Amino acid sequence: MKKKGIITSFLVRLKFSAQMAANGITSNLLRTFLTVLGIAIGVAAVVSLMGIGEGARQAVVAQFESLGQNVILVKSNFDEYNFEMEDARDLQDRVDNIQLTTPVVYTKADIRWRRDDSELEILGVNNNYPAIRDHQVASGNFFTSLHAKQRAPVVVLGYNVGVSLLNGRSPVGQTMKINGMNYRIIGVLSPKGEGNGDGIDDKIIIPYTSALRITEEKNIKEIWAKCDTTIDVDLSMVQLGRIFNNKIKGTVITPPGSEEQPNPGEGGDKGIIDGGMNQDSEIEEPTEEPIEETNVFKKGEEPITITSLNQLVQQADQANRIMTVLLGGIAAVSLLVGGIGIMNIMLVAVTERTSEIGVRRALGAKQEDLLIQFLLEAIYVSIIGCIVGIALGAWAIRIVSSYGLEAALNAKSIKIAIGVALSSGLLFGVYPAINASSLPPVEALKR
């Protein structure tokens with residue numbers, strides 16, 4: 001019973017202290033408003049800046065993910081070494097974890113649609129493109145391996161291109177000219193969205209063999225490969241590195257400008273006297289320095305780049321997370337300023353309410369009662385500031401998004417802002433609360 005009475009007494013005193021704390025912050029609304037404003041600005045800054053950082057992170061990650069999952073890019077960095085068309089099929093046979101491959105050709109061409117002329121980017125691939133890039137066909141069909149083998153004049157349009165031709169109606173079955181040659185439209189890809197899929201919505205796709213005919217080349221400079229899982233991607237990259245390392249290890253690259261120069265003594269007027277020398281004098285021909293040929297691996301250069309889109313997604317995600325944390329840290333400084341504001345204003349409040357403190361002590365209020373009261377005042381102000389700040393931050397994110405910038409309301413940023421605001425309010429409210437509770441009753445009544 002005694003223990004129960006102690007608990008009941010404490011709860012009653014706590015309730016009374018909470019009521020006194022509420023009266024304290026409402027007795028001077030201007031002072032409370034200024035304190036709340038400092039906290040609200042800090043919380044709004046944290047929520048909005050971290051929201052902008054999170055939006056940027058999501059946008060970058062979405063752009064990379066729109067290129068396909070578990071995709072490996074194999075690209076040649078030297079004109080002296082290109083891939084043959086059969087290399088893509090050979091990689092699929094030699095590396096067990098690679099399920100699909102496609103040669104890739106990038107080019108541009110003049111496009112004529114009825115009476116309109118324009119220039120569009122062209123992507124040359126094989127029939128595996130939809131599965132490799134996780135890109136479905138919205139209308140019609142994608143071309144087959146037979147189309148690629150026969151260099152068939154067929155074309156699949158990016159979504160924006162397909163929509164623009166007939167004002168939204170499907171152009172499948174129509175004909176367009178590419179570099180003066182008729183190509184039959186057999187499909188339109190589904191939309192990837194602005195900035196996603198490497199801008200595929202504004203491109204057209206044809207068989208890579210037809211693209212090579214446009215570029216007038218026989219070899220390719222890029223290959224895409226598809227695996228089932230992330231683990232398969234890592235294993236395949238190791239195998240691909242060994243394959244190409246062995247294949248081009250002996251490749252010798254002649255430095256630019258090392259072509260054999262004509263002998264100065266050959267051609268032209270052979271009887272010219274140089275520097276007053278007699279024609280019969282023997283002119284020593286300059287000795288030609290041997291041209292040193294350098295192996296690309298010895299120079300430390302990378303003739304072949306093997307990249308995983310999964311790695312690019314992880315790197316972009318990590319970089320943007322760091323940026324978000326930095327933005328949040330910068331914004332948290334304003335919360336620190338708001339906490340200092342709480343301490344300053346509460347110190348003033350303690351001075352102004354000295355007589356009130358003395359009366360409460362004289363009526364039997366204990367030191368911990370006054371400590372709880374002033375701590376609750378600091379917490380009240382922090383909570384109100386958090387609510388207002390979150391609302392302001394969400395409003396700021398909405399405004400940023402309306403201007404086309406990427407921003408997202410992040411639950412993590414809200415938790416961080418609330419935690420920092422309450423912590424700073426409690427931390428900076430302790431000292432004024434201790435000062436208030438430490439005043440002797442007689443001394444307080446004298447003031």
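Reported count of residues in the range 44-96, each being aliphatic (A, V, I, L, M) and on the phi > 0 side of the Ramachandran plot, is 0.
Among the residues of the range 144-158, those that are under 13 Å from Y129 (Cβ atoms) and open to solvent by 30 Å² or more (accessible area, probe 1.4 Å) comprise T144, S145, H147.
One residue stands out in the range 159-169 among those that are open to solvent by less than 60 Å² (accessible area, probe 1.4 Å) and modelled with pLDDT under 90: the one that is nearest to R112 (Cα to Cα), namely L166.
Evaluation of E65 against the conditions (1) closer than 29 Å to I231 by Cβ; (2) at pLDDT 80 or above shows that the sole unmet condition is (2). Sort out which residues of the range 101-123 are of a type in the set (K, R) and either open to solvent by 100 Å² or more (accessible area, probe 1.4 Å) or not in a strand (DSSP E or B) (or both), and write them in order of number. Within the range 101-123, K108, R114, R115 meet the criteria.
Being modelled with pLDDT of 50 or more and of a type in the set (D, E, K, R) holds for only one residue in E293, E301, E288, and it is E301.
The requirement of being of a type in the set (V, I, T) and either surrounded by 24 or more Cβ atoms within 10 Å (Cβ to Cβ) or closer than 16 Å to F428 by Cβ (or both) is fulfilled somewhere in the range 21-30, by at least one residue.
Quick check: is even one residue across the range 385-398 among the aromatic types (F, W, Y), open to solvent by 70 Å² or more (accessible area, probe 1.4 Å), assigned to a helix (DSSP H, G or I) and under 21 Å from A56 (Cβ atoms)? Among the residues of the range 385-398, at least one is among the aromatic types (F, W, Y), open to solvent by 70 Å² or more (accessible area, probe 1.4 Å), assigned to a helix (DSSP H, G or I) and under 21 Å from A56 (Cβ atoms), which makes the answer yes. Only a single criterion out of (1) of a type in the set (D, E); (2) in contact (Cβ under 8 Å) with a residue 24 or more places away in the chain; (3) closer than 30 Å to A316 by Cβ is not satisfied by E84, namely (3). Within the bounds of the range 417-433, is there any residue that is more than 28 Å from N23 (Cβ to Cβ) and surrounded by fewer than 19 Cβ atoms within 10 Å (Cβ to Cβ)? Taking every residue of the range 417-433 in turn, none turns out to be more than 28 Å from N23 (Cβ to Cβ) and surrounded by fewer than 19 Cβ atoms within 10 Å (Cβ to Cβ). Considering the range 115-168, and only residues there that are of a type in the set (D, E) and free of Cβ contacts under 8 Å to residues at least 40 places away in the same chain, the residue that is farthest from K226 (Cα to Cα) turns out to be D116. When you look at L371, is it open to solvent by 70 Å² or more (accessible area, probe 1.4 Å), touching a residue at least 12 places away in the same chain (Cβ under 8 Å) and in a helix (DSSP H, G or I), yes or no? So L371 does not fit the description; no. Of the residues in the range 50-61, none is open to solvent by 40 Å² or more (accessible area, probe 1.4 Å), part of a helix (DSSP H, G or I) and touching a strand residue (DSSP E or B) at 6+ places or on another chain (Cβ under 9 Å).
If you go through the range 170-190 one residue at a time, do you hit one that is closer than 25 Å to I98 by Cα and either touching a residue at least 12 places away in the same chain (Cβ under 8 Å) or crowded, with 18+ Cβ neighbours inside 10 Å (or both)? There is at least one residue in the range 170-190 that is closer than 25 Å to I98 by Cα and either touching a residue at least 12 places away in the same chain (Cβ under 8 Å) or crowded, with 18+ Cβ neighbours inside 10 Å (or both). Within the set D79, D93, the sole residue that is under 21 Å from S308 (Cβ atoms), out of contact with any helix residue (DSSP H, G or I) (no Cβ under 8 Å at 6 or more places or on another chain) and free of Cβ contacts under 8 Å to residues at least 24 places away in the same chain turns out to be D93.
Yes or no, residue by residue, for (1) open to solvent by 90 Å² or more (accessible area, probe 1.4 Å); (2) out of contact with any strand residue (DSSP E or B) (no Cβ under 9 Å at 6 or more places or on another chain); (3) modelled with pLDDT of 50 or more:
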{"site": "D234", "(1), (2), (3)": "no, no, yes"}
{"site": "E266", "(1), (2), (3)": "yes, yes, no"}
{"site": "V313", "(1), (2), (3)": "no, yes, yes"}
{"site": "R321", "(1), (2), (3)": "yes, yes, yes"}
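The values are calculated or read from the model by the stated rules, or taken from the named source; none is laboratory data. What you see is a predicted model, and the numbers here were worked out from it, not measured in a lab. Reconstructed Cβ throughout: ideal geometry from the backbone, glycine too, with neighbour counts over all protein chains shown. SASA here: full protein model, heavy atoms, side chains in, ligands and nucleic acids out. Shrake-Rupley method; radii C 1.70, N 1.55, O 1.52, S 1.80 Å.
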